[in-house]
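Down below is the structure, laid out as structure tokens.
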Amino acid sequence: MFREIAPQELQDNPFTLIGKDWLLITAGNREKCNTMTASWGGVGVLWNQDVCTIYIRPQRYTKEFVDGEKEFSLCVMDSSYREALSLCGTKSGRDMDKIAACGFTLDYEGDTPYFKEARLVILCEKLYAQELAPQYFTAEGYDERYYPDKDYHTMYVGRIKKILVK
């Protein structure tokens with residue numbers, strides 16, 4: 001079903017993957033996990049490693065799982081899952097079992113959860129986490145525009161351990 005590729009073999013445009021296709025950020029373990037839709041993030045090279053960055057607001061339930069684990073996954077689904085991605089971005093796992101509601105099938109790399117329905121899976125080891133802060137904005141208006149409630153995202157840098165494609 002899936003085959004592993006090197007990060008340099010990835011043919012997808014990251015701007016499309018993240019900004020248009022959206023990602024599911026999933027973390028936890030075999031006993032309990034949660035997922036959320038994300039459309040902010042990036043891929044690149046940092047500390048001589050292939051990495052991704054993700055951003056999670058403090059009120060998101062998935063943040064507890066990303067904070068509590070050493071690894072997380074990023075799953076890209078095809079367009080037929082757009083409604084499910086919308087649900088995962090607007091409903092909380094505190095209130096419902098989003099994974100069951102979407103009909104997703106969990107699989108694991110070690111204890112790191114991901115979805116069998118994904119067309120692309122990026123498995124990451126968490127390397128760094130830092131809360132964004134207002135004093136570091138260098139452009140005018142971004143703090144007011146994106147953080148009127150002062151609920152600053154935490155930025156996570158993850159080393160790309162493995163990429164799986166169908």
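The values are calculated or read from the model by the stated rules, or taken from the named source; none is laboratory data. Everything quoted here is computed from the prediction, not taken from an experiment. Cβ placement follows ideal geometry from the backbone for every residue including glycine, while neighbour counts extend to all protein chains displayed. Remember, those area values only see protein heavy atoms, side chains included, never the ligands or the DNA or RNA. Shrake-Rupley method; radii C 1.70, N 1.55, O 1.52, S 1.80 Å.
Below is a table of values for the structure above.
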| quantity | calculated |
| --- | --- |
| Accessible area of segment 80-166 belonging to carbon and sulfur atoms, whole % at 1.4 Å probe | 46 percent |
| Structure-derived Cα extents along the principal axes in Å - corresponding label in (1) 66, 33, 28; (2) 60, 29, 28; (3) 47, 40, 29 | (3) |
| Span per principal axis, largest first, for the Cα atoms of segment 88-140 (Å) | 42, 27, 20 |
| Amide proton proximity set for Glu71, modelled H, under 5 Å, gap of 5+ | Lys126 |
| Segment 24-166 - accessible surface per residue (Å², probe 1.4 Å) | 52 Å² |
| Choice from Gly41, Gly110, Gly68 showing the highest fluctuation, given a GNM over the chain with Cα pairs closer than 10 Å | Gly110 |
| Per-pair calculated FRET efficiency, R0 = 41 Å: Ala6 and Gln135 via Cβ, rounded to 0.05 | 0.60 |
| Relative contact order (percent, whole number), the chain, Cα cutoff 8 Å, 6+ residue spacing | 30 percent |
| Dipole moment magnitude, nearest 20 debye, the chain about Cα centre, only Lys, Arg, Asp, Glu C-beta charged | 220 debye |
